[in-house]
Structure formats: structure tokens, C-alpha cells
Amino acid sequence: MTETPNPLSGRCMCGAVTVTMTPAKPEIHACHCDMCRRWTGSVYLEIDAVPGSVKAEGPVKTFKSSDWAERANCGQCGSPLWFHLTAPGGNLHAVSAGLFDDAGGFPLAKEIYIDRKPNGFSFVGDHVRLTEEEFETVFTYPKDGGVQ
Ligand SMILES: [Zn+2]
Ligand SMILES: [Zn+2]
């Protein structure tokens with residue numbers, strides 16, 4: 001699976017924002033961190049975009065959620081659109097899987113911050129599950145300027 005998937009086109013709940021992006025991999029990732037849980041109301045399911053491939057039209061509203069990242073929502077209906085790493089050297093652009101029909105048709109390949117997941121639900125299947133500590137050792141936040 002080294003081939004880049006075809007671009008996806010999706011939209012927010014109200015349809016005011018349309019988003020196109022090219023997935024970096026045909027995969028869905030889940031983040032259970034405290035911020036994603038509160039942002040989405042549950043868990044953030046996202047598809048990583050090829051850097052620079054995310055295009056949006058409509059009333060996008062961005063929010064600087066930390067020193068290193070911003071999150072975008074529809075300015076009209078509030079649907080979460082993407083998480084964007086804005087730190088120098090960071091190019092991660094994680095787009096909400098739910099914007100796309102059938103969430104792109106991709107399988108869930110990874111859950112991160114699994115130790116932060118509420119006990120009341122879990123995803124089935126055989127996929128990568130990383131704790132906060134495990135994730136933060138492979139994914140270095142701007143501490144050293146190097147971001148995957
Ligand atoms: Zn909307
Ligand atoms: Zn998160």
C-alpha cells in the first residue's frame with residue numbers, strides 16, 4: 001500500500017464548508033486525548049492529508065488550541081474540520097474522517113492516547129494502539145522542532 005489514495009471531497013454538517021484533500025495513507029486514526037475528546041464530544045477520527053493538499057471553501061473558523069496547533073470548525077454549524085500542526089517543521093494536517101462519505105472507506109489503523117479513552121466504549125479490531133507515553137516518544141512535539 002505505497003500508492004497515494006485518490007483525493008477525497010467532503011463537507012461539514014450544514015454544507016457551508018466543502019473540503020478536499022489527498023489522504024497520505026488509506027487509513028483512519030483515532031485520538032482519545034483530552035482535547036480531542038472535548039472538541040468532538042467523543043473521539044477524533046481523522047485521515048492524515050498529504051501536506052498542502054487540504055483545500056476548503058466556505059466559512060472556516062480556526063482556533064489556536066495550543067502553542068503548536070490549530071483546529072478548524074465550520075463557522076456556521078461548528079463541525080470539526082481538521083487539526084493542523086502549525087509548529088515549525090510540522091506538517092501534520094489531520095482531517096475529520098466524518099466529513100467524507102463512508103469516512104473515505106478506509107479502515108481504522110491506529111488509536112492514540114488509548115490510556116485516555118473513556119471506559120464506556122472501545123473500537124474492535126486488530127490495529128495499533130499507543131498510550132500517551134508511547135505516542136509521545138514516536139511523535140515529538142515542537143520541543144526539538146522535529147515533527148513527523
Ligand atoms: Zn457547516
Ligand atoms: Zn487528540
Task: Spin-label model distance (nm) - Glu133 vs Arg38, 7 Å beyond Cα toward Cβ - done: 2.5 nm
Open item on the list: What distance in nm lies between label points placed 7 Å from Cα along the C-beta direction at Ser66 and Met13?
Closed with: 2.5 nm
Open item on the list: Just to check I understand the Karplus step: with θ = phi - 60° and J = 6.51 cos²θ - 1.76 cosθ + 1.60, what whole-Hz values come out for region 11-20, glycine and proline as x?
Closed with: 7, 6, 4, 7, x, 5, 10, 10, 10, 10
Task: Scaled radius of gyration (Cα, divided by 2.2 N^0.38 Å) that region 47-134 gives - done: 1.20
Open item on the list: Among Cys33, Cys77, Cys12, which one shows the highest mean-square fluctuation when the chain is modelled as a Gaussian network with alpha-carbon springs under 10 Å?
Closed with: Cys77
Open item on the list: Can you tell me, using C-alpha contacts under 8 Å and at least 6 residues apart, the relative contact order of the chain as a whole percent?
Closed with: 23 percent
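Every read-out reported here was derived from the displayed coordinates using simple, explicitly stated rules and does not represent laboratory data. As the structure is a computational prediction, the values presented were derived from the model and not from experiment. Please note: Cβ atoms are built from the backbone with ideal geometry, for glycine as well, and neighbour counts cover all protein chains shown.
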